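The values are calculated or read from the model by the stated rules, or taken from the named source; none is laboratory data. All values reported here derive from a predicted model rather than from experimental measurement. We place every Cβ from the backbone using ideal geometry, glycine too, and count neighbours over all the protein chains shown. For the accessible areas, the whole protein counts, side chains as well, though only heavy atoms, and no ligand, DNA or RNA atoms are used. Shrake-Rupley method; radii C 1.70, N 1.55, O 1.52, S 1.80 Å.
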Amino acid sequence: MTNSRFLKACRREPVDATPVWFMRQAGRYMAEYRALRQQYSLLEICATPDLATEVTLQPIRRIEVDAAILFSDLLLPLEPMGLPFDFIKGEGPQIERPISSTGDIDALRLFEPREKLAHVLQAIGQIQRELAGRVPLIGFSGAPFTLASYAIEGGHSNNFAKTKALMYGHPEAWHRLCDKFATVVADYLSAQIDAGVDAVQVFDSWVGALGPADYREFALPHTQKIFTAIEGRVPTIHFGTGTATTLDLIREAGGDVIGADWRIPIDQAWDRIGHDRGIQGNLDPTLLLGPMPRMFAQADDILTRAANRPGHIFNLGHGILPSTPVEHVQRLAQYVHSVSRRRA
C-alpha cells in the first residue's frame, strides 16, 4: 500500500498519474446501493459489517478510483455519548434530544470506541481482506464544530443560530462540549487506524459558517487536538466546505492534505494552504450532472492549475450528488488518469 498513488500523493511524492477518489463515492447514485436501501436503513447498513463492506466495495468494482472510503456516517459517535438520532426521509439526520443547556453538555458520556463502535472496526477488517491490497482504505470522522452543530441544532440548519448562541453566549460551555467531541473523535480515529485503515479524513462539513476570527477561537483548538493525537500514524486529510477564507487556519489545525471546495481555484487554495501540504479537490459536484465536455474542461483547468506538483489528489469540492450518472463518474476518473499521465 505504501506505493499506491493515493498514499504517495498524501506524502507529496511523485506519482505516475494524479490519484482520484470521490467523497460519497459509495451511495445513492449507484443502483446497487439503492437496492440495498430498499431492504435496510442507512443506520442498519452502518451497523452491519457485511453490509458496510459491500457498500464500500461497490464503487471499487465499477469506477477507476485510487482509494476506498469506509461506508459509515460521521454522526455515529453521538449515540454512545447519549445523543441518539435517526435519518428522516427527505430531511436528513435528526437528533432525538438536542443539546439545549449546559447540563446537557455535562451529561454527555465519553466512551470506548472499540466497544461501542466495534461493528465499524470489524467492517474495516473485512473490507481490507476483500480489497487485498488493491487500493488503500480511508477511515473518517466528523470535526468537533460540525458534530457540535448537529448536536445543538438537532439536524440541518441554514443559519446556525442555536449553535452560535451557545458559542458566543456561553464560550466556556462551548469549549467543554467541543473538547469532549475532540477526545471522542481522536480515540475513534485511533481505533480505526488500529483496525487497519490506511489514511483518515476529518470532515468539518459545516465549518464554512465561521469567519476566520471565530474559527481560530472556537474551532481550531479542538480540531488541532485530534490531529495532534494521531500525528504520524497514517496520512491525514482535513476537509471543510465554504473555507476559502480559512484555508490557512485549517492547515494550522492539522492535516497532511487539505481539502478545498470549488469556490476557490485550486492554485489559489494551495498558495493559501502552503506547498508543504498536499491538496485535495476540487471539482464542483454539479458538473457531473451536465454534459461531459464541460466536466472534462473543468477537470483540465484543475489539473493545469495543480501543474503536476506532487501532493494533488483529484476529488470533488463536496460529495457526489444522488442524481449523478454512474457513467459520468467512471469517465471522469478515467479522464483524470489519462490526462495527468500524459502530462507527467
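Do we have Ala67 as surrounded by fewer than 17 Cβ atoms within 10 Å (Cβ to Cβ) and either of a type in the set (Gly, Ala, Ser) or farther than 18 Å from Pro49 by Cα (or both) here? When the stated conditions are applied, Ala67 does not pass them. Applying the condition of being in a loop (DSSP other than H, G, I, E, B) and among the small types (Gly, Ala, Ser) to segment 56-96 and asking which residue is modelled with the lowest pLDDT yields Gly90. For the condition β-branched (Val, Ile, Thr), in contact with a strand residue (DSSP E or B) (Cβ under 8 Å, 6 or more places away or on another chain) and either in contact (Cβ under 8 Å) with a residue 60 or more places away in the chain or open to solvent by 30 Å² or more (accessible area, probe 1.4 Å) (or both), what is the one hit in Val326, Val336, Val234? Criteria check complete, one pass: Val336.
Of all the criteria given as (1) surrounded by fewer than 19 Cβ atoms within 10 Å (Cβ to Cβ); (2) in contact with a His (Cβ under 9 Å, 6 or more places away or on another chain); (3) under 22 Å from Glu64 (Cα atoms), the one not satisfied by Ala297 is (2). Here Ser149 passes the criteria (1) more than 20 Å from Pro98 (Cα to Cα); (2) touching a helix residue (DSSP H, G or I) at 6+ places or on another chain (Cβ under 6 Å); (3) among the polar types (S, T, N, Q) except the one numbered (1). Would you please list the contacts, defined by Cβ atoms under 6 Å and residues six or more apart or on different chains, that run from a residue in segment 279-291 that is on the phi < 0 side of the Ramachandran plot to a residue that is open to solvent by 20 Å² or more (accessible area, probe 1.4 Å) and part of a loop (DSSP other than H, G, I, E, B)? Listed pairs, sorted by first residue: Asn282/Trp262; Asp284/Trp262; Pro285/His318; Pro285/Leu321.
Somewhere in segment 115-131, is a residue among the β-branched types (Val, Ile, Thr) and over 21 Å from the mean Cα position of the chain (by Cα)?
Initial filter on segment 115-131 (among the β-branched types (Val, Ile, Thr)): 120, 124, 127.
This time we only want the ones that are over 21 Å from the mean Cα position of the chain (by Cα), so: none.
The answer is no, given that none of the residues of segment 115-131 is among the β-branched types (Val, Ile, Thr) and over 21 Å from the mean Cα position of the chain (by Cα).
State whether one or more residues within segment 1-8 are part of a loop (DSSP other than H, G, I, E, B), in contact with a His (Cβ under 9 Å, 6 or more places away or on another chain) and either of a type outside the set (Asp, Glu) or open to solvent by less than 50 Å² (accessible area, probe 1.4 Å) (or both). Looking for residues that are part of a loop (DSSP other than H, G, I, E, B), in contact with a His (Cβ under 9 Å, 6 or more places away or on another chain) and either of a type outside the set (Asp, Glu) or open to solvent by less than 50 Å² (accessible area, probe 1.4 Å) (or both), one finds none in segment 1-8, hence no. Restricting Gly155, Gly169 to residues that are over 22 Å from Arg216 (Cβ atoms) and either over 17 Å from the mean Cα position of the chain (by Cα) or free of Cβ contacts under 8 Å to residues at least 40 places away in the same chain (or both) narrows the list to Gly155.
Looking across segment 300-323, the residues that are surrounded by 16 or more Cβ atoms within 10 Å (Cβ to Cβ) and out of contact with any Leu (no Cβ under 9 Å at 6 or more places or on another chain) come down to Leu303, Arg305, Ala306, Gly311, Ile313, His318, Gly319. The residues of segment 188-214 that are of a type outside the set (Ser, Thr, Tyr), open to solvent by 20 Å² or more (accessible area, probe 1.4 Å), part of a loop (DSSP other than H, G, I, E, B) and more than 12 Å from Thr236 (Cβ to Cβ), listed by number, are Gly196, Trp206, Gly211.
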